[in-house]
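As structure tokens, the structure follows; a few thoughts come after it.
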Amino acid sequence: MEERFVRKYKQGVVSVIEIWVDRETGVNYLYREDGYSGGMTVLVDADGKPVVDRNGPDEKGFTG
């Protein structure tokens with residue numbers, strides 16, 4: 001069984017920003033970690049709508 005979420009992007013080591021994608025819905029999530037704390041939220045576009053990858057996890061740039 002494949003994992004439901006896949007990491008699409010990662011930046012940083014101590015202060016980390018990642019983008020995760022739900023394989024079932026294509027919705028993008030922003031994850032932010034700094035030291036011992038972190039949080040995740042839906043990534044939205046300029047209109048406040050969720051960013052959705054229509055091509056799914058096979059799109060270039062996905063990492064497992």
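Judged by the mean number of other Cβ atoms found within 10 Å, the most tightly packed of the peptides 30-37, 42-49 leads the ranking 30-37, 42-49. Close amide H pairs (under 5 Å, H built 1.01 Å from N) link residue 5 with 23, residues at least 5 positions away or on another chain. Between residue 42 and residue 14, the distance separating the two model label sites (each 7 Å from Cα on the Cα→Cβ line) works out to 3.4 nm. Over all other residues within a Cβ to Cβ distance under 13 Å of residue 27, the charged ones net out to +1, with Lys and Arg as +1 and Asp and Glu as -1.
Each reported figure results from applying straightforward, stated rules to the coordinates on display, with no laboratory input. Since this is a predicted model, take the numbers as computed values, not measurements. With ideal geometry, Cβ positions are generated from the backbone for all residues, glycine too; neighbour counts draw on all protein chains shown.
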